[in-house]
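Below is one structure; the comments refer to it alone.
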Amino acid sequence: MAGLWSRLSTGLTKTRTAITDRLQNLVPTGGRIQKETWEELEEILIAADVGVEVTEELIDAAKKERAASVADIKAVLASKLEEILEAGHDTPSTPHDSPLVILVVGVNGAGKTTTIAKLAARYRKEGKKVLLAACDTFRAAAGEQLLVWANRVGAEVIAHQEGSDPAAVAYDGAQAALARRADVLIVDTAGRLQTKKNLMQELAKIHRVLAKTRPDFPQETLLVVDATTGQNAMSQARLFKEAIPLTGIVLAKLDGTAKGGIAIAIQRELGIPIKWLGIGEGMDDLEDFEPKAFVAALLENSTEKP
């Protein structure tokens, strides 16, 4: 896990700097924590996108523990954040009851197609037979892009002509996965703004069609969010959750500009577990979400690296 900590540490640079640099100046050397200290801590945490609800929990915990120094505050933050993330932690499904059907959704530009390619590559390395359903039938290059990735990782693609009903593609994908005894079916969807009700209703239709094929389909419905968007990711998660039952979040584009605190807010306030982290552009740059490693990298508690 040390390698993961190192990569996360790089990916969370912006958020960690926003928290730890300001924490160092929170209490002057030899000084005491005062009312203004808690007000500034509140400002620091909200600015880091951990959310108002989580911020209140963290400050209450620090007060309850009678934190008297920056080190005390940091220790309480680490302990409480791990507790919050562990409470909602849920590991990704494995293809034990084939086929495992994964519906992948998100807004335009969130990193959805790249995430699908990484997922496919991961399962292919495990020796699984993988099918991809190309349900983005409106963007001319979408199907071609998915096919390129599929050929690269050794997956098969189920596709219709441009402009076809996305739900029909999903249905055919599910039928093909059953007929061909695939281990995994990953269903791509068109990127859409969470505020467009007709497009969100289309997602609900795709979900219903998959469930009609077999009641447990899809076992996973993953929302891909761009980690650099901060609070907008919360809005996306909330509205997508209203449209379809989400089972997890993929936090993509977790690079040095990411606002990683939003992962905590989404999991705590919406109850949607973070399952995967996209920490680079390569096919291997998709990691299981590990709460302890995430918190350690967020606060860079070098004495307690996982």
Original post:
Exactly one of (1) touching a helix residue (DSSP H, G or I) at 6+ places or on another chain (Cβ under 9 Å); (2) farther than 30 Å from Ala190 by Cα; (3) at pLDDT 90 or above is unmet by Glu39. Its number?
Top reply: (1)
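Hey, among Leu131, Leu100, Leu81, which residue is under 18 Å from the mean Cα position of the chain (by Cα) and either under 30 Å from Ala296 (Cα atoms) or not β-branched (Val, Ile, Thr) (or both)?
Leu81
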**OP:** Quickly run through the stretch 175-191 and pick out the residues that are among the acidic types (Asp, Glu) and either within 25 Å of Gln201 (Cα to Cα) or in a helix (DSSP H, G or I) (or both).
**Re:** Asp188
**OP:** Search the stretch 131-153 for residues that are farther than 18 Å from Ala174 by Cα and at pLDDT below 90 and pair each with any residue that is among the charged types (D, E, K, R) and assigned to a loop (DSSP other than H, G, I, E, B) when their beta-carbon atoms are under 7 Å apart and the residues are at least 6 apart or on different chains.
**Re:** Ala140/Glu162; Ala142/Asp136
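Could you tell me whether any residue of the stretch 34-43 is within 23 Å of the chain's Cα centre (by Cα), free of Cβ contacts under 8 Å to residues at least 40 places away in the same chain and part of a helix (DSSP H, G or I)? Please lay out each step first, then the result.
So in the stretch 34-43, the residues within 23 Å of the chain's Cα centre (by Cα) come out as none.
No, there is no match, as no residue in the stretch 34-43 is within 23 Å of the chain's Cα centre (by Cα), free of Cβ contacts under 8 Å to residues at least 40 places away in the same chain and part of a helix (DSSP H, G or I).
Suppose the filter is under 19 Å from Leu81 (Cβ atoms), crowded, with 17+ Cβ neighbours inside 10 Å and at pLDDT 90 or above; does Lys275 pass it? Let's see the steps before the verdict.
Values: under 19 Å from Leu81 (Cβ atoms): yes; crowded, with 17+ Cβ neighbours inside 10 Å: yes; at pLDDT 90 or above: yes.
In short, yes.
Going residue by residue through the stretch 101-124, is there one that turns out to be without any contact (Cβ under 8 Å) to a residue 60 or more places away in the chain, in the same structural domain as Leu199 (by TED's automatic domain parsing) and either of a type outside the set (Ser, Thr, Tyr) or touching a Lys or Arg at 6+ places or on another chain (Cβ under 6 Å) (or both)?
Let us first name the residues in the stretch 101-124 that are without any contact (Cβ under 8 Å) to a residue 60 or more places away in the chain, namely 124.
Add one more test, that the residue is in the same structural domain as Leu199 (by TED's automatic domain parsing), and what stays is 124.
Cutting the leftovers down to either of a type outside the set (Ser, Thr, Tyr) or touching a Lys or Arg at 6+ places or on another chain (Cβ under 6 Å) (or both) gives us 124.
Within the stretch 101-124 (the criterion being without any contact (Cβ under 8 Å) to a residue 60 or more places away in the chain, in the same structural domain as Leu199 (by TED's automatic domain parsing) and either of a type outside the set (Ser, Thr, Tyr) or touching a Lys or Arg at 6+ places or on another chain (Cβ under 6 Å) (or both)), the answer is yes, since at least one residue qualifies.
The values are calculated or read from the model by the stated rules, or taken from the named source; none is laboratory data. Computed from a prediction, not measured in an experiment: that's the story for all the values here. Here the Cβ is made from the backbone with ideal geometry for all residues, glycine too, and neighbour counts use every protein chain on show.
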